[in-house]
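The values are calculated or read from the model by the stated rules, or taken from the named source; none is laboratory data. Values in this document were obtained by computation on a predicted structure and should not be read as measured data. Backbone-built Cβ (ideal geometry, glycine too); neighbour counts: all protein chains shown. Surface areas here come from the heavy atoms of the whole protein model, side chains and all, with no ligands, DNA or RNA. Shrake-Rupley method; radii C 1.70, N 1.55, O 1.52, S 1.80 Å.
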Amino acid sequence: MESSFSYPELMSLVDDRKVAVAVSGGADSLLSMVLLKELGADVMAVHGCFLGTEKSKTAVAGLEVRCAELGIDLHVFDFTAEFNKMVIDPFVKDYFDGNTPNPCAQCNPQIKFGVLYDAVRKLGAEALSTGHYVRIADHAEYGRMIARGAEIGKDQSYFLSLVPKEKVLNAVFPLGNHSKSETYSELERRGLRIPLPTESQEICFVPDDNYRQFLMERNIKLPGPGNVVLSTGEKIGRHNGLWRYTHGQRKGLGIAWKEPLYVIEKDLERNLLVLGTKEELGASGCIADKVNFLVDFEKWPETVHIQTRYRQRSMPAKVRLDGENLVFEFVEKHSMPTPGQIVAAYTEDGAVLGGGIIRNAL
RNA sequence: UGGGGUGUCGCCAAGUUGGUAAGGCAACGGAUUUUGAUUCCGUCACUCGCAGGUUCAAGUCCUGCCAUCCCAG
């Protein structure tokens with residue numbers, strides 16, 4: 001089916017507003033800022049420090065140079081306390097509770113489109129711009145909404161599904177029509193050095209992409225070892241603490257079997273890690289809480305397309321509202337959703353209807 | 001210590017009438033990735049319980065020993 005959107009021109013979205021570009025030091029936000037500036041937008045740059053690391057200082061130093069060259073004011077904020085409280089602490093607690101948190105799901109609404117957004121407003125900016133690969137679209141039926149980025153492999157709308165509607169729909173995303181490789185070539189063409197050239201692709205606050213190490217260094221009493229069992233109850237090994245594993249995980253279980261085994265359940269009460277075959281990993285639905293609507297629920301189609309993990313192909317599911325929660329029933333069995341992860345709901349043609357946090361699979 | 005079975009990479013497991021060690025799992029490495037995972041690619045037994053023997057050639061045949069399992073006890 002052909003999409004029922006149109007994509008407004010970037011400058012028509014800016015609409016003469018003063019735009020604050022959130023620059024991290026990476027390629028994406030840098031190009032976003034450059035593009036807006038070149039198009040004549042009234043641009044300022046804002047950078048939030050979340051960690052106070054060396055890397056963060058490198059980013060600021062590099063950004064100061066770039067912004068000076070471009071004639072853009074750079075404002076730097078220290079949000080380490082907020083970041084700790086709103087992202088890192090819940091992250092740790094979630095793991096402790098046996099869930100698999102998605103820190104980006106907290107960071108986008110609470111930090112980038114939270115405290116940073118508020119700070120930007122105080123500076124007089126009317127719109128916030130980021131380097132997310134998503135597009136603002138005008139939908140024939142739903143009006144203005146968020147749609148997937150043009151490059152399907154790089155689309156980041158999943159992460160924005162929990163950002164409040166009034167904030168995200170007012171944002172400006174200059175990269176929605178770009179591909180990642182274009183981003184690099186565009187920067188190169190302009191001879192712009194990227195302050196932090198390596199793409200952030202691990203949890204930004206966890207060194208070496210090792211969340212287990214990170215949690216162990218936190219001085220909290222993490223749940224201890226227990227048995228690994230099959231769904232039949234047969235004991236087949238030991239685990240080192242349920243917080244080390246996540247639903248659907250295959251690697252790192254250390255158990256040799258006739259066929260690959262996946263984590264299908266974490267039984268916190270009995271401290272059991274339950275493994276099963278790919279077959280057994282299937283689920284027929286999930287329940288989500290902490291729901292956010294980008295389109296009023298009354299207007300949602302009965303069957304939506306959902307994504308329960310980043311970079312997963314979306315799949316159709318029937319949806320209904322149960323009190324504060326969303327209940328999804330998959331049209332076909334699907335790999336089990338993981339509690340703590342985002343479930344994002346889309347129209348068939350890729351506009352974001354809303355999202356929530358998966359509480360449990362059905 | 002009577003009868004029968006089995007012993008091939010960490011685990012499971014193919015190995016035809018002897019011809020020069022499949023595959024799966026795990027592990028490790030890499031690719032992909034703004035979370036955790038998934039997925040993909042690559043690497044993984046000069047050696048077949050041990051010791052002899054027969055053969056041009058033995059994991060595959062013979063002998064002995066060892067280990068282990070089952071049934072009898």
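Quick notes
- Residue match in the range A:147-164 (condition: among the aromatic types (Phe, Trp, Tyr) and either under 15 Å from A:Leu10 (Cα atoms) or in contact with an Asp or Glu (Cβ under 7 Å, 6 or more places away or on another chain) (or both)): no
- Of the criteria (1) open to solvent by 20 Å² or more (accessible area, probe 1.4 Å); (2) in a helix (DSSP H, G or I); (3) not hydrophobic (A, V, I, L, M, F, W, C), which one A:Gly62 fails: (1)
- Against the conditions (1) among the basic types (Lys, Arg); (2) touching a Leu at 6+ places or on another chain (Cβ under 8 Å); (3) in a strand (DSSP E or B); (4) free of Cβ contacts under 8 Å to residues at least 24 places away in the same chain, A:Lys290 satisfies every one except (4).
- When the test is whether a residue is polar (S, T, N, Q) and near RNA strand B (Cβ under 10 Å from one of its atoms), A:Thr246 passes it.
- Pick from the range A:220-243, criterion β-branched (Val, Ile, Thr) and within 13 Å of RNA strand B (Cβ to nearest atom), ranking: modelled with the lowest pLDDT: A:Ile236
- The set of residues from the range A:30-49 being open to solvent by 10 Å² or more (accessible area, probe 1.4 Å) and under 12 Å from A:Gly131 (Cβ atoms) comprises just one member, A:Leu35.
Residue by residue, here is whether (1) under 21 Å from A:Asn84 (Cα atoms); (2) assigned to a loop (DSSP other than H, G, I, E, B); (3) of a type in the set (S, T, N, Q) holds:
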residue: A:Asn219; (1), (2), (3): yes, yes, yes
residue: A:Val229; (1), (2), (3): no, no, no
residue: A:Gly233; (1), (2), (3): no, yes, no
residue: A:His247; (1), (2), (3): no, yes, no
residue: A:Ala256; (1), (2), (3): no, yes, no
residue: A:Ile264; (1), (2), (3): no, no, no
residue: A:Glu269; (1), (2), (3): no, yes, no
residue: A:Leu275; (1), (2), (3): no, no, no
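- Number of the exception - A:Asn99 against (1) touching a residue at least 60 places away in the same chain (Cβ under 8 Å); (2) under 27 Å from A:Met216 (Cα atoms); (3) open to solvent by less than 20 Å² (accessible area, probe 1.4 Å): (3)
Yes/no per residue for (1) surrounded by 17 or more Cβ atoms within 10 Å (Cβ to Cβ); (2) under 14 Å from the mean Cα position of the chain (by Cα):
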{"site": "A:Ala68", "(1), (2)": "no, no"}
{"site": "A:Leu74", "(1), (2)": "yes, no"}
{"site": "A:Ala81", "(1), (2)": "no, no"}
{"site": "A:Asp94", "(1), (2)": "yes, no"}
{"site": "A:Asn108", "(1), (2)": "yes, yes"}
{"site": "A:Lys112", "(1), (2)": "yes, yes"}
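- Filtered residues of the range A:272-297 (kept if over 15 Å from A:Ile236 (Cβ atoms) and over 25 Å from the mean Cα position of the chain (by Cα)): A:Lys278, A:Glu279
- Neighbours by Cβ (under 6 Å, 6+ apart or cross-chain): first from the range A:11-29, more than 13 Å from RNA strand B (Cβ to nearest atom); second of a type in the set (Ser, Thr, Tyr): A:Val19/A:Ser129; A:Val21/A:Ser32; A:Val21/A:Ser129
- Residue in the range A:179-197 that is near RNA strand B (Cβ under 10 Å from one of its atoms), at pLDDT below 95, assigned to a loop (DSSP other than H, G, I, E, B) and open to solvent by 50 Å² or more (accessible area, probe 1.4 Å) present: no
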